[in-house]
Amino acid sequence: MWLIMKVREASYTRLCSAKNILTVNGKFPGPTIYATKGETIIVDVYNKGNENVTIHWHGVTMPRYPWTDGPEYITQCPIQPGSKFTQKIILSTEEGTLWWHAHREWWKNDVNAVRDEGLATGGDPDPSDALLINGQPGDLYPCSKSDTFKLTVDHGKTYLLRIINTALQEALFFSIAKHKMTVVGTDGSYTKPLTRDFITIFPGQTYDVLLEANQHPDHYYMAAITYSVAPKYQDFYDNTTTTAIVQYSGYYTPSSPPSFPLLPAYNDTNASVQVMAGLRSLADALHPCNVPLSTSTNLIYTVSVNSYPCVNNSCAGANGTRFSSSINNISLIPLQLTYYKLTIITSAVFMEINFLAIHH
């Protein structure tokens, strides 16, 4: 398969104001690609915008060919304005739903300015002004109701929903009023069916979900909110609610407003892990689960967000510190160290802390 992606700016209006955003082939969200297991996709990416860009192919294993996977300055150089880059995407064992991206929420301000302010101040970037479902904020935001995304269904039919969390950093609770969802796949792999009233989907994660249209013909909200243990008043995250509508076909007078789904409390940690803890692999002849029964080496990786000292406690993080992420207390190891055969001294000393354990 050979595809062309043209990345350029276009003006879009959300939340009562217009701004320029990057689009692919004139679309926001971008075009859907349908492919088969084992297929190779060649993509010519033309950067017609004003900033460096890359296209990341999330969840694709890219066996022996990571050079066009997308992370700039990690596996490839960015695509400069006015340039073209050809990416080779090798689909091997993947099934179900994957995604290519940048991330999608909605800031009224310029996203580059939001990023730069966060880096300059050492604090969290400002939270987005709206969450989106298929590019639309939904009924609960200003100037948005007329464009709310609507999914039309026929009573008695079953639909496959490909649900992707494209948000930058928010985990989301998602539910559909008066309807159960059956998860049959996640992150490019099929799973044993798991039926739930809601799902928790983390940034970058995908779910393949079966929706049975078995309710009385009407309009029903689907909705998503952010899961976070941080109190709402601290304004660390987008605490708004995005909605879309499942509307049954036929002639009837819909309820106004539509039925709203029951969602967990925004800080319900036990609810946040229910789906992932309940998923099981197919473990059949076509999907073997050949995990080792014994190990020779144990490796521990601790991924964290840390507070680092800041001159005169002048940064915007907690107690005047600056935020920085790390793996095993290491925030960055430049690739040049390996090239020049250099080493750095690191420390893996951690505070004692209680973690939520999930057993699979």
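The values are calculated or read from the model by the stated rules, or taken from the named source; none is laboratory data. Worth saying up front: this structure is predicted, and the values here are computed from it rather than measured. Don't worry about glycine lacking a Cβ; one is built from the backbone with ideal geometry, like all the others, and counts go over all protein chains shown.
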Does segment 321-328 contain at least one residue that is of a type outside the set (Lys, Arg), part of a loop (DSSP other than H, G, I, E, B) and surrounded by fewer than 13 Cβ atoms within 10 Å (Cβ to Cβ)? no
So for segment 97-107 (the condition being free of Cβ contacts under 8 Å to residues at least 24 places away in the same chain and within 18 Å of the chain's Cα centre (by Cα)), does at least one residue qualify? yes
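Matching residues to (1) assigned by TED's automatic domain parsing to the domain that holds GLY188; (2) among the β-branched types (Val, Ile, Thr); (3) not in a loop (DSSP other than H, G, I, E, B):
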residue	(1), (2), (3)
GLY82	no, no, no
THR86	no, yes, yes
GLU94	no, no, no
ALA120	yes, no, yes
SER128	yes, no, no
PRO142	yes, no, no
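Here is a yes/no grid of residues against (1) closer than 27 Å to ASP124 by Cβ; (2) in contact (Cβ under 8 Å) with a residue 12 or more places away in the chain; (3) among the aliphatic types (A, V, I, L, M):
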site: PHE236; (1), (2), (3): yes, yes, no
site: ASN239; (1), (2), (3): yes, yes, no
site: TYR252; (1), (2), (3): no, yes, no
site: SER272; (1), (2), (3): yes, yes, no
site: LEU279; (1), (2), (3): no, yes, yes
site: ASN290; (1), (2), (3): no, no, no
site: ASN312; (1), (2), (3): yes, no, no
site: ALA318; (1), (2), (3): yes, no, yes
Can you tell me which residue within segment 22-42, out of those that are among the hydrophobic types (A, V, I, L, M, F, W, C) and crowded, with 18+ Cβ neighbours inside 10 Å, is nearest to TRP99 (Cα to Cα)? VAL24
ARG104 fails exactly one of (1) surrounded by 19 or more Cβ atoms within 10 Å (Cβ to Cβ); (2) at pLDDT 85 or above; (3) not acidic (Asp, Glu), namely (2)
Hey, can you tell me all the residues within segment 76-96 that are at positive phi and surrounded by fewer than 14 Cβ atoms within 10 Å (Cβ to Cβ)? GLY82
Restricting to segment 140-152, name every residue that is in contact (Cβ under 8 Å) with a residue 60 or more places away in the chain and either buried (at least 19 other Cβ atoms within 10 Å of the Cβ) or of a type in the set (Lys, Arg) (or both). TYR141, SER144, THR148, LYS150
Complete set of residues in segment 14-44 that are within 22 Å of the chain's Cα centre (by Cα) and closer than 16 Å to ASP147 by Cβ: ARG14, LEU15, ILE21, LYS27, PHE28, PRO29
Output the residue which, of all residues in segment 43-75 that are of a type in the set (S, T, N, Q) and modelled with pLDDT under 85, is surrounded by the most Cβ atoms within 10 Å (Cβ to Cβ). THR68
Is it true that some residue in segment 271-284 is assigned to a loop (DSSP other than H, G, I, E, B), over 22 Å from THR206 (Cα atoms) and either out of contact with any Lys or Arg (no Cβ under 9 Å at 6 or more places or on another chain) or not assigned by TED's automatic domain parsing to the domain that holds PHE174 (or both)? no
Let me spell it out: the conditions are (1) under 30 Å from ARG64 (Cβ atoms); (2) without any contact (Cβ under 8 Å) to a residue 40 or more places away in the chain, and THR186 meets all of them except one. Which number is the exception? (2)
